[in-house]
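The values are calculated or read from the model by the stated rules, or taken from the named source; none is laboratory data. Note that the structure is predicted; figures quoted are calculated from it, not measured. As a convention, Cβ positions derive from the backbone with ideal geometry for all residues, glycine included, and neighbour counts pool all protein chains shown.
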Amino acid sequence: MVGTDSSGVGGVRIQYVYVAHTETDEQNRHMSSTSSTATTGTDGTRLALEIWHPDCWGLQATEAVDAGLLVHTVHRTVEETVKGHFTVYADTTAQLDEFVEFANESPLTHSTVELGQRPTSGAPDPGNATRELFVEYEPEHSISDTLVSHGFIHDASVRVERGLEHWPVFVADGRPEIQSRLESIRAETDAEISISKIASPTGDSSGTPDRLDQLTPRQRDAFELACDRNYYAWPREIDTRELADELGVSKTTLLEHLRKAEAKLLNPDET
């Protein structure tokens, strides 16, 4: 799943103060100015990566159970394992129970501990039901260290759904170098990696989470299908029964998913 790096990224400007003007100081001033220019410019790229890699308990759990996972924090233990704090989310508490049972029984985890509910933050939890977990596992079952060693720094929560990890990352290099770095990671880890979004470093610098991340997988499926089929166009080009048939659910279930998705997207502070 995830590793231990906590490096920050972005345009942090470093200010240097000089109190003397010797020749050595002038040389240092020039070197510092050059370094600051190199590290605080707008070079770099923000990416959203979709990743599958072998021997990951979270990928296996979200593929087996209709639930998703948000990664909050991860740290190394004195035993050189890693412990991660996660939010598992789903449509029902029964699905949460099934997920926790799967994580407990996985040979890829050492322990799974359920935590009390976290205090409400500014960002609403995804899903209709959520549960906080502390999971201990081996660092080699994570791809995070490999990403970091190749210059990809995650700068937002990692989301895991349906056997895929969704990584928002920053890389200091330009776009021509990105593919070669990704190829190296694929070769080292036997991972499958695709780019789902690419932007300049200032293109998504606000840190505002994508509101679609607040939806459960089923809600997202229903909403995206409705958008693709122009359900929200005027006049509508498809009705709810046709959408339900295409999604393979009842009309009542489709409407429930759509209404909850609409509520979360239109009124995120109230959900």
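Count of region 154-180 residues, restricted to those that are over 17 Å from residue 71 (Cβ atoms), surrounded by fewer than 17 Cβ atoms within 10 Å (Cβ to Cβ) and modelled with pLDDT of 85 or more, is 2.
What do you reckon, is residue 151 at pLDDT below 95, on the phi > 0 side of the Ramachandran plot and buried (at least 20 other Cβ atoms within 10 Å of the Cβ)?
So residue 151 fails the test.
Would it be correct to say that residue 237 is outside the structural domain of residue 139 (by TED's automatic domain parsing), farther than 30 Å from residue 90 by Cα and either at pLDDT 75 or above or in a helix (DSSP H, G or I) (or both)? Spelling it out, residue 237 is indeed outside the structural domain of residue 139 (by TED's automatic domain parsing), farther than 30 Å from residue 90 by Cα and either at pLDDT 75 or above or in a helix (DSSP H, G or I) (or both). Looking across region 214-234 at every residue that is more than 11 Å from residue 265 (Cβ to Cβ) and touching a helix residue (DSSP H, G or I) at 6+ places or on another chain (Cβ under 7 Å), the one that is surrounded by the fewest Cβ atoms within 10 Å (Cβ to Cβ) is identified as 232.
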